[in-house]
């Protein structure tokens, strides 16, 4: 699933190309892409048609569009976009051949199309009411999602306090979107490596200075990734223009199993964690003796 930098790249592209544009029609060609919208494809198409896009918004790894017009189904409602494992939001000029897995197409008033392309069909669109959460308007589906490290109102000291209460592996907590959002497997490993902390260390056993450093490194690595357009391991992650990101070239530890650590030269270790792969340097990030076994 795309993480914060990749979703932010898409959000910026949507802001550039969609804001102020009116949706003239919507076509849904795969029911799975609107399965979260219980009223069905026809209802979604009818409610979006005629609306003008006001903004493309994001919290953590989650993306949504808001609209200008007042009234039910517009200003008080958001179009939440679940990118899933392979979802793409492409803005294509008129006449460009339709992609094989383009399951939703919204025609804009300038003739271009917003296309939701999703090869694996884990993603989709859903309309959700906006609710106020801690001073922000969020789709109610995302009300439980915490602020991310790039949010101007992110409170690192508060998050450190929460981390200190968690008697479980620090990587597991970093991946908990209700505690801190935006961080997935890739950037968790990169932040942990930068902070010289093993992901299996127990969060509550880490000192406040170590946790502050870890959060600062998470912010730094995602800022670096954002500047590079995100991380693309295959053709499934692209921006709205169909272009890949290049941060993969700068990854220090993720995906580098059996290769030398760029900091100390030790061989990077790959371990199983939460049905995923974790990468760490055994010299820079020594695990504590009493850490829990990963699952």
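The values are calculated or read from the model by the stated rules, or taken from the named source; none is laboratory data. In this text, all values refer to a predicted model and were calculated from it rather than measured experimentally. So basically every Cβ, Gly included, is an ideal-geometry build from the backbone, and we count neighbours across all protein chains shown.
Applying the criterion of at least 2 residues that are over 20 Å from the mean Cα position of the chain (by Cα) and in contact (Cβ under 8 Å) with a residue 40 or more places away in the chain to the strands (runs of 3 or more DSSP E) found wholly in the range 1-120 leaves 23-28, 102-108.
Of the residues making up the range 121-168, those that are under 14 Å from residue 60 (Cβ atoms) and in a helix (DSSP H, G or I) are 141, 142, 159. For the range 124-131, the criterion of being at positive phi and modelled with pLDDT of 95 or more is met by at least one residue.
Test residue 179 against the criterion of being farther than 30 Å from residue 272 by Cβ and either surrounded by 20 or more Cβ atoms within 10 Å (Cβ to Cβ) or assigned by TED's automatic domain parsing to the domain that holds residue 210 (or both), and give yes or no. Here the answer is no, as residue 179 does not meet what is asked.
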